[in-house]
1. For the range 114-123, state whether one or more residues are touching a Leu at 6+ places or on another chain (Cβ under 6 Å), within 26 Å of Ala28 (Cβ to Cβ), modelled with pLDDT under 95 and surrounded by 12 or more Cβ atoms within 10 Å (Cβ to Cβ).
2. Within the range 120-142, which residues are hydrophobic (A, V, I, L, M, F, W, C) and under 14 Å from Cys102 (Cα atoms)?
3. Mind checking which residues of the range 41-69 are at pLDDT below 90 and either in contact with a strand residue (DSSP E or B) (Cβ under 8 Å, 6 or more places away or on another chain) or closer than 21 Å to Arg138 by Cβ (or both)?
Amino acid sequence: MLTELEQTKRALAGKHRAIDDWLDARQALLVEYMRLAGLTPARTKQRSLPGHVELQRFCEQLVDYVSAGHFEIYNHVVTAFEKASGDKLELAKRIYPNIRACTEFALEFNDKYSNADEAQLLLLDEDLNQLGPVLEDRFKQEDRLVKALQVVESLSTRQV
């Protein structure tokens, strides 16, 4: 996932400040996810349950990231497409339900773990294993939307 993120950042860097900030937030979320899931060398040696503060910080990052997508990035993309074509983006209509499903999963994860007790923490590995592919799919869908935005903007600058 980090490799795909770096490719996306190289392709989109500097074109939109909000998208740059959003991709930075994605990177921070992904790094924290990998640390919690034990996918970093430091965590694989001595694997233990994360602390409450550590897990709460991840939950906050997760909610902030999915919220930024809905309230900042998607609105920007759809508005750009409406201006360019006078119609809602067909691509957005196809992608948005997948993104919404990920958002619901992320919010359920947050509800479960933002104030988790010891019993809930025993399920964390399993839930992190489910969250990883959900996030990966979301990132791919988001990248498709942003790349489509680039195409519309390049077409609209040519028409001017």
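The values are calculated or read from the model by the stated rules, or taken from the named source; none is laboratory data. Predicted, not measured: the structure shown is a model, and the values here were computed from it. Cβ placement follows ideal geometry from the backbone for every residue including glycine, while neighbour counts extend to all protein chains displayed.
1. Initial filter on the range 114-123 (touching a Leu at 6+ places or on another chain (Cβ under 6 Å)): 121.
Checking the rest, the ones that are also within 26 Å of Ala28 (Cβ to Cβ) come to 121.
Checking which are modelled with pLDDT under 95 leaves us with 121.
Going one step further and asking which of them are surrounded by 12 or more Cβ atoms within 10 Å (Cβ to Cβ), we end up with 121.
Looking through the range 114-123, at least one residue is touching a Leu at 6+ places or on another chain (Cβ under 6 Å), within 26 Å of Ala28 (Cβ to Cβ), modelled with pLDDT under 95 and surrounded by 12 or more Cβ atoms within 10 Å (Cβ to Cβ).
2. Step one: list which residues in the range 120-142 are hydrophobic (A, V, I, L, M, F, W, C), which gives 121-124, 128, 131, 134-135, 139.
Leu128, Leu131, Val134, Leu135, Phe139, listed by residue number.
3. Answer for the range 41-69, where residues must be at pLDDT below 90 and either in contact with a strand residue (DSSP E or B) (Cβ under 8 Å, 6 or more places away or on another chain) or closer than 21 Å to Arg138 by Cβ (or both): Ser67, Ala68, Gly69.
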